[in-house]
1. So which of 80, 50, 24 ends up being in contact (Cβ under 8 Å) with a residue 40 or more places away in the chain and either surrounded by 17 or more Cβ atoms within 10 Å (Cβ to Cβ) or not in a helix (DSSP H, G or I) (or both)?
2. For the range 54-68, enumerate the residues that are open to solvent by 10 Å² or more (accessible area, probe 1.4 Å) and aliphatic (A, V, I, L, M).
3. Can we say residue 68 is more than 21 Å from residue 117 (Cα to Cα), over 8 Å from the mean Cα position of the chain (by Cα) and of a type in the set (Ser, Thr, Tyr)?
4. Is it the case that residue 144 is open to solvent by 90 Å² or more (accessible area, probe 1.4 Å), of a type in the set (D, E, K, R), at pLDDT below 95 and over 19 Å from residue 30 (Cα atoms)?
5. Kindly indicate the residue of the range 121-137 that is free of Cβ contacts under 8 Å to residues at least 12 places away in the same chain and not in a loop (DSSP other than H, G, I, E, B) and also least open to solvent (accessible area, probe 1.4 Å) among those meeting that condition.
Amino acid sequence: MLPELYHDLAKLHEEKGNFVEAGNAYEKTISSFNYPLNNNETPEYIINSNFLIGEMHYKAQNFEKALSAYNRVISLYSENKKKDIIENVFWSHFHVGVIYKKQEEFNKALKKFKELLEDNGEEIPQLGKKLASENYREISNRLDYSGYTKD
């Protein structure tokens, strides 16, 4: 009952654009749920809340909390075989790369985008592959150009 109330509160905050509060409420949704988070019996709203924590902090530009949340769901759900969870894990990896790019940690971003491009899973969204490719190319060009201008 309590996790459902926090989840509803999180959705209300999200609808109002209060992303920090929404992220915190999604965190409370998870922390008040006293069962395994990656079990076949785990309710869908709990699984979604895990992914939404990172998304809310990303939207609020609270990148350290977003990175932590994304890395947590990647470790929790990477082995899951459900299509929607595979896609959410992919997008979590993608957002980790984007955060590294925004923080100008270009080598980490390149590595993350390269991993996504090398993933040949059938469930990987084509749009995601395209965006990962564009980011990889942009960062590669930026690093090549910055090396060129330093000479």
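1. 80
2. Those that are open to solvent by 10 Å² or more (accessible area, probe 1.4 Å) and aliphatic (A, V, I, L, M): 60, 67.
3. yes
4. Yes: the conditions hold for residue 144.
5. Top of the filtered list is 134.
The values are calculated or read from the model by the stated rules, or taken from the named source; none is laboratory data. Keep in mind it's a predicted model, so treat the numbers as computed, not measured. For neighbour counting, all protein chains shown are included, and Cβ atoms are generated from backbone atoms with ideal geometry for every residue, glycine included. These area figures cover heavy atoms from the full protein model, side chains too; ligands, DNA and RNA do not enter into them. Shrake-Rupley method; radii C 1.70, N 1.55, O 1.52, S 1.80 Å.
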